[in-house]
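The values are calculated or read from the model by the stated rules, or taken from the named source; none is laboratory data. This one's a predicted model, so the numbers in the text were calculated from it and none came from an experiment. Glycine also receives a Cβ, built like all others from the backbone with ideal geometry; neighbour counts cover every protein chain displayed.
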Amino acid sequence: MITTLVNTSGSAITKRLGALLIAGALLTAPCSYAANVTVVISGLGGSEEFTEKFDGYATAIADEAKQIALNQTDVILLRGSAAKKDIITALFDALSTREDINRFSAFFIGHGSFDGRSYKFNIPGPDINDAELTELLNKVKSQQQLVVAATSASGALLEKIDSGNNTVGRRVVITATKNGREKTAVLFPEYMVEAITTPAADTDKNESITAIEVFNYANKAVEGFYETEKLLAPEHARLQGENAEAFEVARYGNLLAAQDNVPEELLANRETLANQISILRGRKEDIDEDEYFDALQDLMLKLSEVQSQIDDASGQSGN
Amino acid sequence: MFIKPAHATRVITKMAVAVALLFVTSLSVHAEEYDPNRDSQLLECDGIYDSGNIEGAISCYTPLKRHSSLHIAAEAAWALGNTKQANELFRRAVEEQPRNPHVRTRWGRLFLSTHQPSSAAPLFREALLLDPAYMHAKTGLAAALLSQPGTEARKLLNEITAEDPDNVEALLMVARLSLETRNLDQANKLLDHALKSAEANNIVPLDIYALKASADMLNDVEDSEWITKALELSPAYGDVFYVPAHYHLINYRYVEAVEVLQKAVDVQPTHWSAHSQLGINLLRLNDIAGAKKHLEIAYSGDPFDTATVNTLKLLDTLEEYKDLDTIATFRLPDSSNDTTVPVVMRLHESEAKYLSPYVEELTLKAVKSFSERYNFAPEEPLIVELFPNHDDFGVRTVSTPGVGLLGVAFGYLIAMDSPSARAPGEFHWGSTLWHELAHIFTIKKSNHRMPRWFTEGVSVYEEWATGPLPGRHIPVDVLQAIKEDKLLPVADLDSGFVRPTYPNQVNVSYMQAGLICAMISEFWGHDRLPEMLDEYRKKQDTTEAVRTVLGISTEELDRNLKQYIEMNFGTVINQFDTWKELISSMNNAAQNKQWATVVALANQANEIYPEYVEEGSTYIAMHDAYEASSESEKAVEVLETWFDYGGYQPDMLHHLAHRLRDQGRTDRATEVLEAINWVSPNSIDLHERLGKDYLARGDNEAALREFQSLLGLDPHDKSVVYLNIANAYKNLNDKKRATRNVLQALEYAPFFREAQDLLVELTGDSS
């Protein structure tokens, strides 16, 4: 079960309970493994329609994160009145004490605003601004960090947040807009959720969906929507930071089903072949076309063989 | 009274050669020359020019640019070709003399001469407020209004000619209108009248000669005496060719227009408008290099001509287009052998890959069909251009963005909006392409002699009879016009296209022309249509062609049309108001979700006009009603009826295809999806679904077309598409291509199990 803090009525009791639950969840996290921690925050909807949408998106993201989290309590969903500033601050304070985080993801779903100087993520009660968000995110010590601000005006965050600092390792930031002036409600999160929850975004078909695949899929879908409708696009998503292709967001298929059974050696073999293929592809322009495809064919057949061994080892062959 | 004719323009004609770009002006002759209140100092300079002393004229006008009278200074600047300075001086002159109608009128004339009639008209109106009888302003206003649709210009011209029957300028404008509708007798009478009046008033008759030459050209007199007379009077008078070129152009005779425009620039190398038109029309004949040369010359002399500037920009844009070659095969009715003609598809690089299969399919089909139906073999390659940017198409068509057209045919070259130029469903691009391709056959078979109504009529009729969209799509406002008896006699139908007198008259004329051709085909047989083209080729007019081919008068044809309309649309036209009320009530009921009422009203409306599938269609409303009441089978049924009648709203077609698939009716779903290709082909889902359908039913060639097209749309996941292409090739026993494509799939997705499996299968490696 995902550690979920939900309060649609906004009562003080639930809020306190929420705070306790955060503490409980974090205290139970063991320190002997490299954890993948995900925080998903659904902001203020402003209307029933948006509230429902944002909560739906946030829940879907959290559900997927749970699939690849080593410990399900490492996935924290805040929505309703639980998504208040003090609770968020408490959560990040608690996370800042952890030393075991390998990958940390933070998703902000909802409306954002920009007053010409600072970005604000709209939540019940006082909004949380870009400086506060950056401070909170900087507190979390992790090898890799992914920040997704899927809100209107979120592009304003890009200037305030960098790709890493002393505590944070490599940080990838995805925003739904290119700057703070793109203020209308965004389509980006809808397609982002589609990318995370279906295999459609997985272009290399390795059954692992990475941050770059999510971004590319959602970005293209948004562009396609406005182009098809002959409308001027009011949002232009941005990705900042490196190694987004190495930041796994979701898994599906055999890889998900057998993730605990696959021998490390086979996975390493697969990785080696994948690297060789990648190097060959990089040299495509320098090699005779037939020679290139012959070499590619050899590598692909080897990869196919390793893939079959992985399937056999995981008991998933034939799927 | 002395009226100053076209001197200023002619001065510049010769001066510009000597002093290069210092003196630039537009040489398109409007009515700016007929100045009744010309200042004596300007007249003196004009006189020097008249004597042939060009340098003397320059020396005379130049100091007047600094004249204490701003108005005279403005006229001098204008005469010397500095229109920008003239404009500023006129502005200040009007500020100085706000109650002087003459100054305002002259300023308006300057705007007329620089292709800005919409800026000229308010100045003429202001002058007329100051002096309602001021004729120079009235004629100026008429000239400005002639460039706009509506009847105001004609009314004003009637008023002017009633008040001053000998007004040369007005007579020439009325003559121009007669020439546009090929009423040559009337035009010649008016021009002869103008000649007498010019002589009596000491007006140099060059403008009249140019129009007389136009009348001769329209009458196929190659060596008009009026050209000789004009050149004797003024050897560098390019307008004697430039003006007739206009009448070639409005009659689709681009080759002939280019020939006379070349003569215009030969006699008057500084005729910038002639260079501009020559460039634009060379482009219409696909001579891109020649077009560029003349447009650049035009720009060097007149950088303010928007047609020149826009077309030069378009030439830059054309570098982003790809020429894709194909061959059309056809067989004429009396031949036992196939013939071929090259086709060049000029498509924007961003959409060439996904669009070309469909452009090619429809073009080849059209050439096959029309060559047979009209017994005509195209003699030159066909050029088919599709523009994803509507403004580029506008410039290609009429040298200006923002036109309301969808497509245009310039002889063997057609240009049109590509499907992506407009929002999905806004137009049926397949029908537009079909329509324009039909023009090639009517224009060329008649050697450009057919009237406008006939070529449009055949194209509309062919859309209905053989095009990719079933049904006759008659807009509601056209039905309304028919009900109000607004149709023109066939003998005068061209005026509905060339000089419409009410807002939707062009559309009404298209439909009327289409109905006439459909009627001829039904009552007399389709072959009468190509026979009429033969008669037009023999230079018969509509009255003669109708008499020769159909054996009746045009009046009788008009009466037949009424009967034909009564037979086909009598029910809806006689109950038009009732039908409109039913549709309106149905839409209100739909908004209020009164679904039973919606269905009842829709059924009543369909008894009157079941073929209506446009906006506010009963079938869409009924579909919504049935869906709301969970009667999904009925919902699909009404949508199918809508589709069969020619409904083409893409989102509804996608919806129908999904529902048919839900019912297991895959073949019918495929049929619906195929129809979407002709209205909104830039859909990834469409090609993916169609490709899979074709693959499943073993139509591998069609599947390949869809998947190749899909790649052109740059889908997010290309690996699946390459795998599908590989499977299609595998089914076609083309192992080499199958292997290459499966490897391309794996390039994108190395871990793609299905592709790995296919590779293993194709290479025989099962280790």
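Computed quantities for the displayed model
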{"quantity": "Verdict on A:D130 being of a type in the set (D, E) and either in contact with a helix residue (DSSP H, G or I) (Cβ under 6 Å, 6 or more places away or on another chain) or outside the structural domain of A:F247 (by TED's automatic domain parsing) (or both)", "calculated": "yes"}
{"quantity": "Qualifying residues in the range B:359-416 (those that are at pLDDT below 95 and polar (S, T, N, Q)) - the one farthest from the chain's Cα centre (by Cα)", "calculated": "B:N389"}
{"quantity": "Helices (runs of 4 or more DSSP H) lying entirely in the range B:142-233 (those with 1 or more residues that are surrounded by fewer than 23 Cβ atoms within 10 Å (Cβ to Cβ) and under 26 Å from the mean Cα position of the chain (by Cα))", "calculated": "B:152-163, B:168-180, B:184-200, B:206-218"}
{"quantity": "Subset of the range B:31-45 (residues that are modelled with pLDDT under 80 and under 14 Å from B:K138 (Cβ atoms))", "calculated": "B:A31, B:Y34"}
{"quantity": "B:D667 within 14 Å of another protein chain (Cβ to nearest Cβ) and within 23 Å of B:G430 (Cβ to Cβ)", "calculated": "no"}
{"quantity": "Residue in the range B:383-394 that is within 20 Å of B:I288 (Cα to Cα) and among the polar types (S, T, N, Q) present", "calculated": "yes"}
{"quantity": "Residue identified as under 15 Å from B:Y502 (Cβ atoms) and either touching a helix residue (DSSP H, G or I) at 6+ places or on another chain (Cβ under 9 Å) or without any contact (Cβ under 8 Å) to a residue 60 or more places away in the chain (or both) among B:E462, B:E484", "calculated": "B:E484"}
{"quantity": "Pairs where the first residue, in the range A:230-245, is under 30 Å from B:A423 (Cβ atoms) and touching a residue at least 40 places away in the same chain (Cβ under 8 Å) and the second is among the β-branched types (V, I, T) and loosely packed, with under 13 Cβ neighbours inside 10 Å, C-beta under 6 Å, 6+ apart", "calculated": "A:P234/A:T184"}
{"quantity": "Filtered residues of the range B:721-742 (kept if buried (at least 22 other Cβ atoms within 10 Å of the Cβ) and facing chain A (nearest Cβ under 9 Å))", "calculated": "B:V742"}
{"quantity": "Selected residue (criterion: surrounded by the fewest Cβ atoms within 10 Å (Cβ to Cβ)) from residues of the range B:539-553 that are free of Cβ contacts under 8 Å to residues at least 60 places away in the same chain and assigned to a loop (DSSP other than H, G, I, E, B)", "calculated": "B:G551"}
{"quantity": "Residue within the range B:670-681 that is free of Cβ contacts under 8 Å to residues at least 12 places away in the same chain and over 21 Å from A:A221 (Cα atoms) present", "calculated": "yes"}
{"quantity": "The range A:188-223, subset over 11 Å from the mean Cα position of the chain (by Cα), in contact (Cβ under 8 Å) with a residue 40 or more places away in the chain and under 16 Å from A:A246 (Cβ atoms), residue nearest to the other protein chains (Cβ to nearest Cβ)", "calculated": "A:N206"}
{"quantity": "Positions within the range B:277-305 being in contact (Cβ under 8 Å) with a residue 60 or more places away in the chain and more than 22 Å from B:M416 (Cβ to Cβ), in sequence order", "calculated": "B:S300, B:G301, B:D302, B:P303, B:F304, B:D305"}
{"quantity": "Residues of the range B:743-757 that turn out to be surrounded by 23 or more Cβ atoms within 10 Å (Cβ to Cβ) and more than 7 Å from chain A (Cβ to nearest Cβ), as a count", "calculated": "2"}
{"quantity": "Out of B:R689, B:R697, sole residue that is closer than 28 Å to B:P470 by Cα and over 40 Å from the mean Cα position of the chain (by Cα)", "calculated": "B:R697"}
{"quantity": "Criterion: in contact with a Gly (Cβ under 7 Å, 6 or more places away or on another chain), in a helix (DSSP H, G or I), modelled with pLDDT of 85 or more and among the hydrophobic types (A, V, I, L, M, F, W, C) - qualifying residue of A:I61, A:I87", "calculated": "A:I87"}
{"quantity": "Scan of the range B:189-215 for residues that are among the polar types (S, T, N, Q) and farther than 26 Å from B:K263 by Cα, ordered by number", "calculated": "B:S197, B:N201, B:N202"}
{"quantity": "Selected residue [more than 25 Å from B:E456 (Cβ to Cβ) and under 24 Å from the mean Cα position of the chain (by Cα)] from B:H248, B:H271, B:H275", "calculated": "B:H275"}
{"quantity": "Condition broken by B:H193, with the remaining ones in (1) at pLDDT 95 or above; (2) more than 27 Å from B:H102 (Cβ to Cβ) satisfied", "calculated": "(2)"}
{"quantity": "Tally of residues being in a loop (DSSP other than H, G, I, E, B) and either at pLDDT 90 or above or at the interface with another protein chain (Cβ under 8 Å from one of its Cβ atoms) (or both) across the range A:224-240", "calculated": "6"}
{"quantity": "In the range B:349-362, the residues that are closer than 21 Å to B:N389 by Cα and assigned to a helix (DSSP H, G or I)", "calculated": "B:A352, B:K353, B:Y354, B:L355, B:S356, B:P357, B:Y358, B:V359, B:E360"}
{"quantity": "Residue count, the range B:758-767 (criterion: within 9 Å of chain A (Cβ to nearest Cβ) and part of a helix (DSSP H, G or I))", "calculated": "3"}
{"quantity": "From the options B:E701, B:E688, residue that is in contact (Cβ under 8 Å) with a residue 24 or more places away in the chain and out of contact with any helix residue (DSSP H, G or I) (no Cβ under 7 Å at 6 or more places or on another chain)", "calculated": "B:E701"}
{"quantity": "Hits in the range B:687-746 (condition: among the aliphatic types (A, V, I, L, M), farther than 20 Å from B:L762 by Cα and not in a helix (DSSP H, G or I))", "calculated": "B:L713"}
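Okay, residues lined up against (1) more than 11 Å from chain B (Cβ to nearest Cβ); (2) part of a helix (DSSP H, G or I); (3) modelled with pLDDT under 90:
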{"residue": "A:L255", "(1), (2), (3)": "no, yes, yes"}
{"residue": "A:I277", "(1), (2), (3)": "no, yes, no"}
{"residue": "A:D294", "(1), (2), (3)": "no, yes, no"}
{"residue": "A:Q297", "(1), (2), (3)": "no, yes, no"}
{"residue": "A:K302", "(1), (2), (3)": "no, yes, no"}
{"residue": "A:G318", "(1), (2), (3)": "no, no, yes"}
